[in-house]
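Beneath this line is the structure, given in structure tokens, with notes to follow.
Quick note: the coordinates plus some simple rules give every number you see, no bench work behind them. Since the structure is predicted, the reported quantities are computational estimates derived from the model, not experimental observations. FYI the Cβ positions are ideal-geometry reconstructions off the backbone, even for glycines, and counts take in every protein chain you see.
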């Protein structure tokens, strides 16, 4: 009885009608107005059975629990650090959430100083958007050397690829160390020439993320840039 | 003497040629360009981000903050002094109120979305052009919205109801002129801005709103197409 008004994977604008009738269910980025489902954001339509959602293509990072992000230390308090996580809110890293034992009177700049970049986990987000970060998880650390690139946080899944296929392909081809934060900050460490290649590739992925056949295009681009043959590992 | 033919040869219910583009300012979170005839508006949207001064924070809702600025040599005669003046502040306020019914910032408590409207070239109808561009820029910034807003000025020149007045019509000397900028919310057809300079009878106003609704639905299509164009799949 319900009627779809748009096709799957098309771009919709806010306020566009997506479906009629009560058979469909509104999910993220959509809302119901009487018997119609309407998009509330600019994004790609995703129809999964009866559930309709819009995957946003733009917008700032919204912090989520258990995300691993790259953050910048912006301030030091008595009990911890304030982190800039490139979202609308800043995060708090408490002294208790570090791996080391830190004495009450210790100089906190010895651990993380203002301006340092760290890889950290988000452990809690309240309704008022107070964000707690932790350095206890796996892979969390301070970043030394390398360079930081900011990308659209909604393109992060494309940069990582299916089960990390894209990022491991870039890592293998260039020999760079890459960490991708869920908030759209990417840390690259390697030889300067290779770092520049990685930056170029990341920008290319960011621009062409919504066009199909991305992996093949990135592969040929990588081969051209590095003059090496690359084999794509199949992930099952 | 009656106003039988428009100064630039348009039909009475015809707007000036419109040009719209999204994503024109690289460093902004969202941006748009909207040109109607000789009036052009650039809008940059930043945020949601932390609000300063902090007493403006609202723990229940995010805040929308608009700025309106005419560039020094944008008008026809003298240099416009840049920066806020009484007129600019008022227009910024009505723009904010015109956009507020569609923008949904409940997800971003204690934060602000800044909208900067810059007018490099003006020929009447600047607040309408600004609202059209701002609505596009907000969507481009990935802000949750219930719909989009389109605006156009409507008026009476001597004895004729005309849509989208230019400066020569606004300053028509052979008869009286009324000028009414109107903003319409796309989905609900609600009026979110209506200001009136000059006099208009009750019937004329009713008629005027009906004509504006038609023009605004055309503008709405142009806005949406411009947003979609940015993410369209280009065949190489």
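Details
- Helix axis angle, B:202-230 relative to chain B longest principal axis, alpha carbon, degrees: 50
- The stretch A:147-226 - percent relative contact order, Cα under 8 Å, separation 6 or more: 33
- By average C-beta atoms within 10 angstrom, highest first, the peptides A:101-109, B:113-121: B:113-121, A:101-109
- Rounded to the nearest 5, the antiparallel percentage of DSSP beta bridges internal to chain A is 90%.
- Antiparallel beta bridges, as assigned by DSSP with both residues in chain B, represent about 85 percent of the total such bridges.
- Rounded tilt (10° steps) of A:192-208 against the dominant C-alpha axis of chain A: 20
- Taking the helices alone, chain B has a mean residue ellipticity at 222 nm of -8500 deg cm²/dmol, built from -39,500 (n - 2.57) per DSSP H run of at least 4 residues and averaged over all its residues.
- In chain A, helices alone account for a calculated mean residue ellipticity at 222 nm of -6000 deg cm²/dmol, with every DSSP H run of four or more residues adding -39,500 (n - 2.57).
- Treating each Cα of the stretch B:18-227 as an identical point scatterer and summing with the Debye formula, the log10 of I(q)/I(0) at q = 0.09, 0.15, 0.17 Å⁻¹ comes to -0.34, -0.92, -1.15.
- Cα-based helix-to-principal-axis angle, A:165-174 vs chain A, degrees rounded to 10: 50
- The stretch A:68-143: radius of gyration and largest Cα-Cα distance (Dmax), Å: 11.4, 33
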